[in-house]
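Okay, structure first, notes after.
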Amino acid sequence: MSVSTEIRVAVETHVSGAQAPGRKRAAAASVSLRLLGYIALAVASVGLLLPFVWMLVSSLKRNIDVFTVPIQWIPDPVVWENYLTIWQRTNMGTWLGNTLFISVIVTVLQVLTGAFAAYGFARVRFPGRDILFLAYIGTIAVPWQAIMIPQFIMMSNWGLANTRWSIILLQAFGAFGVFLMKQYFESIPESLNEAARIDGLNEYGIWWRIMMPLSVPAIASLTLLTFVNTWNDFLGPLLYLRDNSLWTVQVGLRTFIGQFASEHAMIMTGSVLSVLPIAIIFFLGQRYFVEGIASTGVKG
Amino acid sequence: MTVTSLDATAGKGSLPSSASGTPTAPAQKRRSGAKLKLRNTAIGWSFILPNFAGFAILTLVPIITMFYMSLTDWNIFGASNFVGLANYQRLLGDPSFRTAMGNTFFYAIIHVPVTLVASLALALLLNRKIRGVAFFRTVAFFPYITSIVAIAAVWNMLFSPEAGPINQLLSAFGVENLPGWTVSTTWAMPAILIVQTWRFMGYYMLLFLAGLQTVPAELYEAARMDGAKAWSQFWHVTLPCLRPTTFFVTVMLSINAFRVFDLVMVMTNGGPGQSTLVLSQFIWQRGFEQNQFGYASAVAVVLFAICILITIIQFFWNKKREA
């Protein structure tokens, strides 16, 4: 219950887009304090970014140049071939394809069923609704690790283990999408629904033609967060997918690391390739990531 | 202006009650009311069902099954006998379980406060009109959305004891007994803690930033009028106003701390020895490596109980503070 209150607080801030003040303090702060702030920020960003820089730099080195004393920050020679070799050394193409397939289907299912259910919770009044929603909220505190065994047994009994569908089922019906969409729907004025009802639209029509078009920012957030989450999922695919041809990029990369632990440069090349799609998506749509996270603060 | 709008809302609000309150033909009204209720229930469920079916089968059913399984000796062959609380008794005497429990608590006790303070500090730094804020927010958030396998791979190399960049830096600062990090039983857990804080800081920072936006500027002005210094403004204005956010962040951090798994799995696999064995991994090992599903489920119930308990305790604690 209180979780939803916190969430609502956060949502309201974002939905109203309130560029609330509270920042004016900075004006009073002296120049030296400001400078100190910049230095702190600079140090923090270096600390946060350095691992990625190191990953990228090492991926362009010869293997023997990865660990040198002192550290070689600019690869010499630059080995672009690493990015060609990796496709021959591993099944990277298949893995990327599998990951894309799973992520796209999960995202579509999550967004559609999540937004659909959210409308039921946000706009239709019926007995038992609030208890049902509480069941959704309650599972936020339940770790996946606690239920992975019964889940695995069920999936195996249905013959779904070692198929990509197991991962899709695992990821597609989370409470997360329902949650995020419900919060957003509730910020849309109810008078719009009433107007639409008077104009003869039924509830499904209202959902599709009024609520969904008005919720593009929330849909974008949910789409991006779900996609990234599914792309990065490691434990699910590790548990369910046994065949190399079914692996996602995470499991494939992990197995490669296990087999060729000393091929540092190649491992970094694979890592860069596994992160790259996410990085691109993130930089294109970061506004939606930030808003989605800030408005729910819940993820896997 | 205000009066008209007030009237309008009042009128709208009272409309349904006055309509249902009309004395004409009450029986007919009641019947149509029940019909409407039925119709709404059908519509409501039709919206919820596609998601709820998946949610119920894949989340709710496994939760119930987990409790049942923990009372059986379920194994790989599916043969299961009801054994009562035997699994829990066995847990009490299992040294590996005690190690896993200890490690998980140790991890949580360090990770929660450190990440809380770090992310709040970052948020305060960023909650000002200075250049580069957008860039930094992006940077801070990036580790959170990067895949765990790549993160573990790069940090394992950074932590490399002989020629890794971190130990090179430390030795440049004159540190003599360089830590062995992931290959040392003493330093493996600190290595995990460092990476996890690095990874989650930006995420919680975003939550704090959203919270900071809700602090009314007037309060700061009033505090300044009263001559409050920056520190006392933070203590008497910022922190109290942030309490809902801090509460939420603490709950999420604690729950996530107790279910820590993926990084441990890929970075140290619980080792060296059992120095980074955590509860989730103990479940994985007993369940999927040794096929003791019943026993592993008992551990799962313990983990489940811890997470629920944290939520309840923090909920009531917050309630009390509010009152």
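General remarks:
- Single unsatisfied condition, A:Trp247 versus (1) buried (at least 20 other Cβ atoms within 10 Å of the Cβ); (2) facing chain B (nearest Cβ under 9 Å); (3) among the aromatic types (Phe, Trp, Tyr): (2)
- Members of region B:58-76 that are facing another protein chain (nearest Cβ under 8 Å) and under 30 Å from A:Ala122 (Cβ atoms): B:Leu58, B:Thr59, B:Leu60, B:Val61, B:Pro62, B:Ile63
- Unmet requirement for B:Gly270, which otherwise passes all of (1) at the interface with another protein chain (Cβ under 7 Å from one of its Cβ atoms); (2) not in a helix (DSSP H, G or I): (1)
- Region B:115-189 holds helices (runs of 4 or more DSSP H) entirely within its bounds, and those carrying 2 or more residues that are more than 17 Å from A:Gly47 (Cα to Cα) and within 7 Å of chain A (Cβ to nearest Cβ) map to B:148-158.
- Any hit, region B:224-236, residues being surrounded by 20 or more Cβ atoms within 10 Å (Cβ to Cβ) and within 11 Å of chain A (Cβ to nearest Cβ): no
- Pick from region B:211-241, criterion in a helix (DSSP H, G or I) and small (Gly, Ala, Ser), ranking: nearest to B:Val114 (Cα to Cα): B:Gly211
- Considering residues of region A:13-31 that are more than 8 Å from chain B (Cβ to nearest Cβ) and modelled with pLDDT under 50 only, the residue surrounded by the most Cβ atoms within 10 Å (Cβ to Cβ): A:Val15
- Members of region A:88-121 found to be touching a Leu at 6+ places or on another chain (Cβ under 9 Å), closer than 26 Å to A:Ile257 by Cβ and among the aromatic types (Phe, Trp, Tyr), listed by number: A:Trp95
- When the criteria are applied in full, B:Met101 meets the requirement of being crowded, with 16+ Cβ neighbours inside 10 Å, more than 7 Å from chain A (Cβ to nearest Cβ) and not in a loop (DSSP other than H, G, I, E, B).
- Test result for A:Gly97, under 28 Å from A:Ile281 (Cα atoms) and at pLDDT 85 or above: yes
- Sole exception among (1) modelled with pLDDT under 85; (2) of a type in the set (Val, Ile, Thr); (3) within 30 Å of A:Leu35 (Cβ to Cβ) for B:Val83, by number: (3)
- Restricted to helices (runs of 4 or more DSSP H) entirely inside region A:90-175, those with at least 3 residues that are more than 10 Å from chain B (Cβ to nearest Cβ) are A:92-123, A:129-138, A:164-172.
- Residue in region B:192-200 that is without any contact (Cβ under 8 Å) to a residue 40 or more places away in the chain, within 30 Å of A:Gly47 (Cα to Cα) and either at the interface with chain A (Cβ under 9 Å from one of its Cβ atoms) or part of a helix (DSSP H, G or I) (or both) present: yes
- Qualifying position, being at pLDDT 85 or above and more than 19 Å from A:Phe234 (Cβ to Cβ), among B:Phe293, B:Phe282: B:Phe293
- Sole exception among (1) surrounded by fewer than 19 Cβ atoms within 10 Å (Cβ to Cβ); (2) modelled with pLDDT under 85 for A:Ala141, by number: (1)
Here's the yes/no breakdown for (1) more than 30 Å from the chain's Cα centre (by Cα); (2) modelled with pLDDT under 80; (3) among the acidic types (Asp, Glu):
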{"position": "A:Leu33", "(1), (2), (3)": "yes, yes, no"}
{"position": "A:Val43", "(1), (2), (3)": "no, no, no"}
{"position": "A:Leu48", "(1), (2), (3)": "no, no, no"}
{"position": "A:Val53", "(1), (2), (3)": "no, no, no"}
{"position": "A:Asp76", "(1), (2), (3)": "yes, yes, yes"}
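- Verdict on B:Thr138 being closer than 25 Å to A:Leu35 by Cβ and out of contact with any Lys or Arg (no Cβ under 8 Å at 6 or more places or on another chain): yes
- Qualifying residue in region B:182-205 (condition: in contact with a Pro (Cβ under 7 Å, 6 or more places away or on another chain), buried (at least 22 other Cβ atoms within 10 Å of the Cβ) and either under 19 Å from A:Gly37 (Cβ atoms) or of a type in the set (S, T, N, Q) (or both)): yes
Yes/no per residue for (1) facing chain A (nearest Cβ under 9 Å); (2) under 28 Å from B:Leu212 (Cα atoms); (3) in a helix (DSSP H, G or I); (4) touching a residue at least 40 places away in the same chain (Cβ under 8 Å):
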position	(1), (2), (3), (4)
B:Arg243	no, yes, yes, yes
B:Val249	yes, yes, yes, yes
B:Met252	yes, yes, yes, yes
B:Ile255	yes, yes, yes, yes
B:Leu263	no, no, yes, yes
B:Val266	yes, no, yes, yes
B:Trp284	yes, no, yes, no
B:Ala300	yes, no, yes, yes
B:Thr311	yes, yes, yes, yes
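- One residue from A:Ile278, A:Ile210, A:Ile267 being out of contact with any His (no Cβ under 9 Å at 6 or more places or on another chain), modelled with pLDDT of 85 or more, closer than 30 Å to A:Ile64 by Cβ and surrounded by fewer than 21 Cβ atoms within 10 Å (Cβ to Cβ): A:Ile278
The values are calculated or read from the model by the stated rules, or taken from the named source; none is laboratory data. Quick caveat, the model's predicted, so the values are computed rather than measured. Don't worry about glycine lacking a Cβ; one is built from the backbone with ideal geometry, like all the others, and counts go over all protein chains shown.
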